[in-house]
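Below: one structure, written as structure tokens.
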Amino acid sequence: MLSTEIYQKLTSMNLAMSFLSRLPILKVQVQNVGFWRTPRPLNRFAFPQFHPKCRSPALCSQLSSWEPSPIKYAPTDDESDGNFLKASSNIFESMVEEETAEAPIPPIKLQCLKWPMWLLGPLVLLITGMAPTLWLPLSSVFLGPNIASLLSLMGLDCIFNIGATLFLLMSDAIARSEKVTLSDAPFSYRFWNMVAGLMGFIIPLSMFFASHKGLLQPQISSISFAALLGPYFLLLSIQMLTEVLTWHWKSPVWLMTPVVYEAYRVLQLMRGLRLCGDIVAPIWIVETIRGLVSWWVLILGMQLMRVAWFAGFTAQSANTRE
């Protein structure tokens, strides 16, 4: 019985396979998927479909007849040296160069702008430095060894410092030009200027500390010492700072900066000698101020000799170049 049932199932499967093999498969598929087809357009005239021979767009290298061929460019030897499409550090660099090349500023016009500074610079220095020292009564500024008198004297020196700074700036503007290179001070000049400035600090401070140790009699109070030499220390510090800045910026005024400050320092110390009589200063402080006056007159003379040496050196260098 079991073998008979198996035989009948195999027979029915063979009949089904033979039936399916005889059916038209294309017709069945079209009938089954007929509802997916889009409707035909109303216009019977349709554009012809173009089927290129190349099936894969990624691998296609053939072009149509109306499509232009790509332009191929090969750099020449001059352009392949590394200058082709060379980038610039500033995108506006070429524009600025064109503008400056088209409209250069004439040197005569620049020189005309500098001419008033020849008179304006010394006039500012005279008004801020000499006028308060020579024409302002000292009794209206110094009322005794106190804080108010100390601040008044420092105010006069600060006015001079403003004038000296403006004078040096105008002198720098006159001395600088496109043809002149930056001026660098020699190392020996810097060294001796620093030594002179430090000695200007060490000498009076050592005398003051010696008096407080009992080595010099009579002693002087701190406020009296500050009123006499406080403005001197302040202006000396400003001078040393200004010199360092001119050396760092390589300004042409590095040679005349100590001359401007040291000439006023002599007047500043002479004012201190007159104040010694008002506060009844001890004799050793008077002699110290006199020694400082002599020291700075000596340094000022050496600075003027350096100016003469530098002028001769510059003239000799110019003749050698010619």
query: Are any of the residues in region 227-244 more than 31 Å from the chain's Cα centre (by Cα), farther than 30 Å from LEU113 by Cβ, surrounded by 12 or more Cβ atoms within 10 Å (Cβ to Cβ) and without any contact (Cβ under 8 Å) to a residue 24 or more places away in the chain?
result: no
Verdict on SER251 being touching a residue at least 40 places away in the same chain (Cβ under 8 Å), more than 25 Å from LEU150 (Cβ to Cβ) and among the polar types (S, T, N, Q): yes
All conditions in (1) surrounded by 17 or more Cβ atoms within 10 Å (Cβ to Cβ); (2) of a type outside the set (Phe, Trp, Tyr); (3) over 42 Å from the mean Cα position of the chain (by Cα); (4) over 19 Å from MET154 (Cα atoms) are true of ILE299 except (3)
(message) Any residue at all in region 251-267 that's under 20 Å from THR133 (Cβ atoms) and of a type in the set (Phe, Trp, Tyr)?
(response) yes
Restricting region 108-145 to residues that are surrounded by fewer than 13 Cβ atoms within 10 Å (Cβ to Cβ) and of a type in the set (S, T, N, Q), the one farthest from the chain's Cα centre (by Cα) turns out to be SER139
From the option list VAL297, VAL280, VAL293, VAL259, single residue qualifying as on the phi > 0 side of the Ramachandran plot, out of contact with any strand residue (DSSP E or B) (no Cβ under 8 Å at 6 or more places or on another chain) and aliphatic (A, V, I, L, M) is VAL280
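Where a number appears in this text, it was derived from the coordinates with a stated rule and is not lab data. If you're wondering where the values come from, they're calculated on a predicted model, not measured in any experiment. So basically every Cβ, Gly included, is an ideal-geometry build from the backbone, and we count neighbours across all protein chains shown.
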